[in-house]
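In what follows, a single structure is set out as structure tokens and then discussed.
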Amino acid sequence: MLDLDFCRVDEILNVRKALRRELLAREGLQDLRLAVLGGSTTNEIVNLLELLLLSNGFRPVFYQSEYGRYYEEAIHDSAALIEFAPDIIYIHTSYRDVRNAPPLQCNEEGLPGYVTAELARYREIWSSLEEKLGCQIIQNNFEMPPFAPLGNMDAVSSAGESRFLMQLNAAFAQEASGNARLVLQDVCGLSARFGLDRWFDWNRYFSYKILLTSEANLELARSLNALVRAMYGKSRKVLVLDLDNTLWGGVIGDDGVEKIEIGRETPVAEAYTAFQEYCLALRNRGILLAVCSKNDDEIAKAGFAHPSSVLKLEHFSSFKANWEPKPDNILVIAKELNLGVDSFVFVDDNPAERAIVAAQVPGVAVPDIGDEVVRYVGILNRGRYFEPVSLSEEDMQRAAQYAGNSQRAALQTKFSSYGEYLDSLEMVAEIAPFEPVYMDRITQLTNKTNQFNLTTRRYTLAEMNSVANNEGFLGLYGRLVDRFGDNGLISVVLGRKEASGLHLDLWLMSCRVLKRDLELAMLDSVAERAAAMNIRTVYGYYLPTSKNAMVADFYPNLGFSPFRARPENLHEEATVWTLDLTEYRKRNQHIKIVERING
């Protein structure tokens, strides 16, 4: 099958119908309803986006506005859109859709007013959609104009279109940073990297009102696909790296530490340094790094002692340098990190190693990076494997949290009983109702957690904010700190209040805190808060997937009983469990519960 992240648009369009049929036949696709409100004709974007989403496990259904009626359908004529009930709305506009650009006589004092007027127009769109539909909105910013009548002055003059659009883009960015339901697609950056001369197609625009080239529409669709993947927790989490001729030039076992190419002395060495800097930047924003190399362990580790090496041993969450097959080592890394291989990206300069990993470890992304280090960063960036829609404190602390797990594992061997070990961790938990400051992380955890997840229901940030503000729901988060550090917000429970009791639509926890009894502390809090609301029965739901077998016995192990009366519309493989709170006794014995951690 074509690698849709890298192949040409003509290759995709030539086989689009056959490829669509093949992708639709896959099992386990997640339904997604996506509305596209366009300032230009959007059919081609939708056709390409459909294939990309299908290849990433979604079954999309689309709604498209009539040509140029993005404003009218959002504000005045929304009946069909409301009936469609989208999960996500994408507003596709361009610089040609701007209505309040400054005239040539505009002065410095007048320019901010034109920016404010155009921003107000889009605020009206966003507010109307939020009020009517309450779903996630993706809004693009604006590419620079393809023509500049004022020449270089276009970026300087208060009447310049380029300057106006730059200020409008900045206003959009500020708006998105403060609006949880608004995600910004950076078309300005995308078009600049792609090239404005290749971006617009004036023949198609004047003939069919299709503004962009097919190649540009594919880049736009790939960008949208990455955003949707990120919204639903399908971005990659781990970068697995080979060493020789991947992180440095040369073979360390033959050349020695002194002769590997890394540093600033030669162009090749500097290129490897730039790649290490890119890897470190990913790690600093929450992507885990791992090594998978055919090498002697001590010799391989010596490479990171090179004074010019940007990456150090402590930057890696797992390190496998041996002579075992790389597919086997990748599976070991996945087990160590408690993450699925579908969250991995494998980078190796050796095409034979790439081929065997791709063939034997389904789910791992294996980009064809070639063997030229100067191209590595561009290829990884083009694949958009690690696209985020938000950055939380937990993201930036993730690598340190995994390092803390190694210390906890070493400590466990020193105690005669597991209870003593848990007490020695000096655990403190904060368990409380959803708060605005944590909503990004709660949504992120909900969409990324697959193994310790009883129902694997997915929520956009907009949907999660809606239930958080709805008195008909009880949402709780759990944070955990111990003597080795802050694990961050790592558990979420969401219950729906009904006359029959509290129905737990969502219960999940990060696998890095497995067997620490946090689930008992969460249950205690659920029971306490339910009892305070005069709720006497809690209903738990387990929907089996290919990844959550580890929690198949979760509810019976907590004392829940099978519920025989099967609710309507429940998945045939799902099971329902009930817990009577009448004589409930607290279960947690090893974690101290506080109102707030660190204040």
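Each value in this text was obtained by applying a stated rule to the coordinates, not by laboratory testing. Since this is a predicted model, take the numbers as computed values, not measurements. Neighbour counts run over all protein chains shown; Cβ positions are idealised from the backbone, glycine included.
Of note:
- Residues His571, His92, His306 in ascending order of nearby Cβ atoms (within 10 Å, fewest first): His571, His306, His92.
- Relative contact order of the stretch 9-231: 22 percent, from C-alpha pairs under 8 Å at least 6 residues apart in sequence.
- Within the chain, percent of DSSP bridges classed antiparallel, to nearest 5: 45 percent
- Distance (nanometres) between label positions extended 7 Å along Cα→Cβ at Arg59 and Gln360: 3.5 nm
- The stretch 38-77 - charge dipole about Cα centre, Lys and Arg +1 at Cβ, Asp and Glu -1, debye rounded to 20: 200 debye
- Inter-probe distance in nm under a simple model that places probes 7 Å from Cα toward Cβ, at Glu109 and Arg96: 3.7 nm
- The stretch 156-206-the stretch 1-52 distance, computed between alpha-carbon centres (Å): 24 Å
- Taking Trp248, Trp202 and counting other C-beta atoms within 10 Å, the order from fewest to most: Trp202, Trp248
- The stretch 418-594, dipole about Cα centre (Lys/Arg Cβ +1, Asp/Glu Cβ -1), debye to the nearest 20: 160 debye
- Dipole moment magnitude, nearest 20 debye, the chain about Cα centre, only Lys, Arg, Asp, Glu C-beta charged: 1180 debye
- The chain - mean residue ellipticity at 222 nm from DSSP helices (-39,500 (n - 2.57) per run, n ≥ 4, rounded to 500): -12000 deg cm²/dmol
- When volume of the Cα convex hull per residue in Å³ is calculated for this entry, the matching label among (1) 286; (2) 407; (3) 190 is (3).
- Efficiency of FRET from Cβ geometry, Leu514 and Thr537, R₀ 22 Å, rounded to 0.05: 0.20
- Among Val183, Val61, Val428, a tally of other beta-carbon atoms within 10 Å of each Cβ gives an order, fewest to most, of Val61, Val428, Val183.
- Between Glu175 and Asn569, the C-beta separation translates, for a Förster distance of 41 Å, into a calculated FRET efficiency of about 0.60.
- Inter-label distance for Ala148 and Arg285, nm, one decimal - labels placed 7 Å from Cα along Cα-to-Cβ: 2.7 nm
- Scalar couplings 3J(HN,Hα) for the stretch 536-544, obtained by applying the Karplus form with A = 6.51, B = -1.76, C = 1.60 to θ = phi - 60°, are 10, 9, 10, 10, x, 10, 10, 10, x Hz; x denotes Gly and Pro.
- The stretch 238-383: equivalent-ellipsoid semi-axes (sqrt of 5 x gyration tensor eigenvalues, Cα, Å): 22, 16, 15
- Of the DSSP H helices in the chain, those whose Cα atoms cover at least 15 Å axially and whose Kyte score averages 1.0 or more: 43-55
- For the stretch 76-116 and the stretch 523-582, distance of Cα centres in Å: 47 Å
- Each principal axis of the Cα cloud of the stretch 418-594 was taken in turn, and the coordinate range along them, longest first, works out to 47, 37, 36 Å.
- Rounded FRET efficiency, nearest 0.05, which uses the C-beta distance separating Leu29 from Asn557 and R0 of 41 Å: 0.85
- Environment charge of Asn179, counting only residues whose C-beta is closer than 10 Å and scoring Lys/Arg +1, Asp/Glu -1: 0
- Length released on extending from Arg21 to His76, taking residue separation times 0.36 nm less the Cα-Cα span: 16.1 nm
- Between Lys320 and Val291, Cys292, Ser293, the built amide H atoms are under 5 Å apart, and every one of these is 5 or more places off in sequence or on another chain.
- D by Stokes-Einstein for the stretch 9-231, Kirkwood Rh over Cα pairs, 37 °C, 0.692 mPa s: 179 µm²/s.
- Separation between Cα centres of the stretch 304-347 and the stretch 225-297, rounded to whole Å: 10 Å
- Equivalent ellipsoid semi-axes, the stretch 545-599, via Cα gyration tensor eigenvalues times 5, rooted, Å: 29, 17, 12
- With the charge dipole of the stretch 519-599 set up from +1 on Lys and Arg Cβ and -1 on Asp and Glu Cβ about the Cα centre, the Cα lying farthest toward the positive end among the listed residues Asn598, Asn557, Thr578 is that of Asn598.
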